[in-house]
Every structure is written in C-alpha cells, then in structure tokens.
1. Explain nothing, just compute: Karplus ³J(HN,Hα) = 6.51 cos²θ - 1.76 cosθ + 1.60, θ = phi - 60°, for every residue of region 72-85 in order, whole Hz, x for Gly and Pro.
2. By counting other Cβ atoms within 10 Å of each Cβ, how are Ile13, Ile18 ranked from fewest to most?
3. What are the ³J(HN,Hα) couplings of region 147-162, residue after residue, when phi is run through the Karplus curve with 6.51, -1.76, 1.60 and θ = phi - 60°? Round to Hz, x for glycine and proline.
4. Tell me, what HN-Hα J-couplings in whole Hz come from the Karplus equation 6.51 cos²θ - 1.76 cosθ + 1.60 at θ = phi - 60° for each residue of region 3-10, using x for Gly and Pro?
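Since every read-out is calculated from the coordinates, none of them should be taken as a lab result. Note that this is a predicted model, so its numbers are computed, not measured. Here the Cβ positions follow ideal geometry from the backbone for every residue, glycine too, while neighbour counts run over all protein chains shown.
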Amino acid sequence: MVCDNCGQNEAIIHLTHIEDDQVTNRHLCEDCAAEKGLQPGDSEVNFPLADFLAKVGRTSPESATPSPCPFCGMEFEQFKRTGRLGCPHCYASFETNLKGLLRRLHGGTQHLGKVYLPPDPTEGQQMERLAGLRRKLNKAVEREDFERAAELRDQIRTLEGAAND
C-alpha cells in the first residue's frame, strides 16, 4: 500500500480516526509519519495496559498460547503487546485467557452493570423490567433513600405510560 501523504513510499503506519461517526483511514510511510510526530510501534510502546498484559498469566495453566483467531488471524501474543483485539471473534478464540484477565482486572467475568433495553421490548420483557424497578423502589423506600425512590418512580411511570400507548 502506498503512502497517502507522499504517494511514493510504502505505508507502514495505518491510522483510523473516528469523529462524529465518520471513519477516516490514513496510511503513512515512515518519513511522513515522522513529520507528523508518529513513530512505528508508538501504539505498543506507550500503552500502559500492554505491560500489564505481558505479565498476565505467565505461571498459570491458562497461559498456554491459544491458536490464532480463525477470523482475523490475530495471535494472543499480539494482543498482549497491544492490548487490543483484532475483531469480535477474538473474544471467543481467546476466551480462556481473557476470562482470567477479566477476573484479575474487574473481579469477575460477567457484566453486572446496566442491562441493554432493546428499542421495542416484548411485553414480557417490559413486565420483567417493571417488576425489577418496583423491587428497587421498595428497597429504596426501606432504606429511606427517597431521592433514588423518586427516580425509580419516574422510570416506572414512563414505562407504564409506554405500555399503555
């Protein structure tokens, strides 16, 4: 691939810039990248998570190097250097190694945060969501956390209003 800037040399640095949902890809040769203050390997050298990942799992049984991702070909060693996976399929390919990493980083391997509510939930999903909100409301009232209770009450009214429409 030829450099987008000079159009002469082979591009060795590939930049992806996303702004306002617009993706721009730039391919630069070593000289043009140096003019812009970029050096080959910057994304790996200055990435603090890369050092942590390089040390993870060296003595554990899960540290056996898994086979590369069958979809994008990324190897686990490359992930350990950069801290970034190549594609969504890498999660399944490196699942055993990632579970250990996630357990050490976050204390668990399951997401316990907010639940994604699809734009058009089924009636059963909506009733389940309402039941959960009502349980939370009761707990907030028991704790006398009336500010949180008011927020939950408003969420319940909004969902009930949407169900009646």
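1. Here the 3J(HN,Hα) series is 10, x, 5, 9, 5, 4, 5, 4, 5, 6, 9, x, 10, 8 Hz.
2. On the way: Ile13 20, Ile18 8.
So the ranking, lowest neighbour count to highest, is Ile18, Ile13.
3. Result, rounded to whole Hz: 5, 5, 4, 5, 4, 5, 4, 5, 5, 5, 4, 5, 5, 5, x, 5.
4. 4, 6, 7, 9, x, 10, 8, 6
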